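A.B. asks: What follows is a single structure, and I will ask about it in a moment.
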Amino acid sequence: MNLTQLREKLPVFAIPTVILVLLLTVAIVLALKTRGPGVVPAPTPPVSRFGPTATVAPNKITPPKIKPQQLPANVQQIREKIIASQIANRGGVVVLFQSDSFIIRYIPTPDMFFVTIFKEPVATLKKQAQDWFLNFGLKQSDLCDLPVRFVLSSRELRARNPGFTSLPDGCS
């Protein structure tokens, strides 16, 4: 096919192409116009393997009520002793205790102790972590103000323990 023959057939190809482009443009404009500006389709709820009625409590961390400087002198000394007992420092996060069941970390900012629990039985492991702090000479009530907070490591653990609280036992 030479250039002259191509020019003769060009209108045959060009006209349907232009019509198709116009139809697509009109369809897109109409679709956007009927949807309206700023209208976002309603999100579909995530599918959970725990069933449609399962709700998973988030890991809610409540801030401490008092600052570490306001702690009694003996509790401040024990707190410093606990922080000094570090077994590792990972990018500014001080690791104090680690097992395959839970890990205890001190995070300088926001100046809190975090216990992350990895498996069941959650209540027993939470008690063991609290006992770890108590072995330094603290009282149970001191854990509330230290502050110590508990976190479950996975969504599955949170789903199986809906009543779990991030506060130590006896704190409100």
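A.B. asks: Could you rank the peptides 85-95, 140-150 by their average count of other C-beta atoms within 10 Å per residue, with the highest value first?
C.D. replies: Numbers: 85-95: 11.2, 140-150: 20.5.
With the highest mean Cβ count within 10 Å placed first, the list reads 140-150, 85-95.
A.B. asks: Give a residue-ordered list of calculated ³J(HN,Hα) values for the stretch 105-113 (Karplus: 6.51 cos²θ - 1.76 cosθ + 1.60, θ = phi - 60°; whole Hz; x for Gly, Pro).
C.D. replies: Going residue by residue, I get 10, 10, 10, x, 10, x, 6, 9, 9 Hz, with x marking Gly and Pro.
A.B. asks: For LYS139, what charge total do you get from the other residues with a beta carbon under 14 Å from its beta carbon, if Lys and Arg give +1 and Asp and Glu give -1?
C.D. replies: Details: positive: ARG79; negative: ASP131, ASP142, ASP145, ASP169.
Neighbourhood net charge equals -3.
A.B. asks: Distance in nm between label sites at GLN128 and SER101, each 7 Å beyond Cα in the beta-carbon direction?
C.D. replies: 0.2
A.B. asks: Something else about it: Could you work out the local net charge near VAL115, counting Lys and Arg as +1, Asp and Glu as -1, over the other residues with Cβ closer than 10 Å to its Cβ?
C.D. replies: Details: positive: ARG105, LYS126, ARG149; negative: none.
After counting each charged neighbour, the total is +3.
A.B. asks: Nearest 0.05, what FRET efficiency do ARG155 and LYS81 give at R0 = 25 Å with Cβ-Cβ as r?
C.D. replies: On the way: r = 35 Å, r/R0 = 1.41.
Once rounded, the FRET efficiency stands at 0.10.
A.B. asks: Ok, one more. Can you list residues whose amide H is under 5 Å from PHE102's amide H, if they're 5+ apart or on another chain and H is modeled 1.01 Å from N?
C.D. replies: Under 5 Å from the amide H of PHE102: PHE118.
A.B. asks: Obtain the radius of gyration and the Kirkwood radius of the stretch 68-160 from its C-alpha atoms and give Rg over Rh. The partial results should precede the final answer.
C.D. replies: Details: Rg = 13.1 Å, Rh = 13.6 Å.
Expressed as Rg/Rh, it is 0.96.
A.B. asks: Now for a separate question. Just grab the label-to-label distance for VAL26 and ALA73, each label 7 Å out from Cα along the Cβ direction, in nm (one decimal).
C.D. replies: 8.8
Every number here is computed from the coordinates shown, using simple stated rules; none is lab data. Please read these numbers as outputs of a predicted model, since none were measured by experiment. Heads up, the Cβs are rebuilt from the backbone with ideal geometry, glycines too, and the neighbour counts pull from every protein chain shown.
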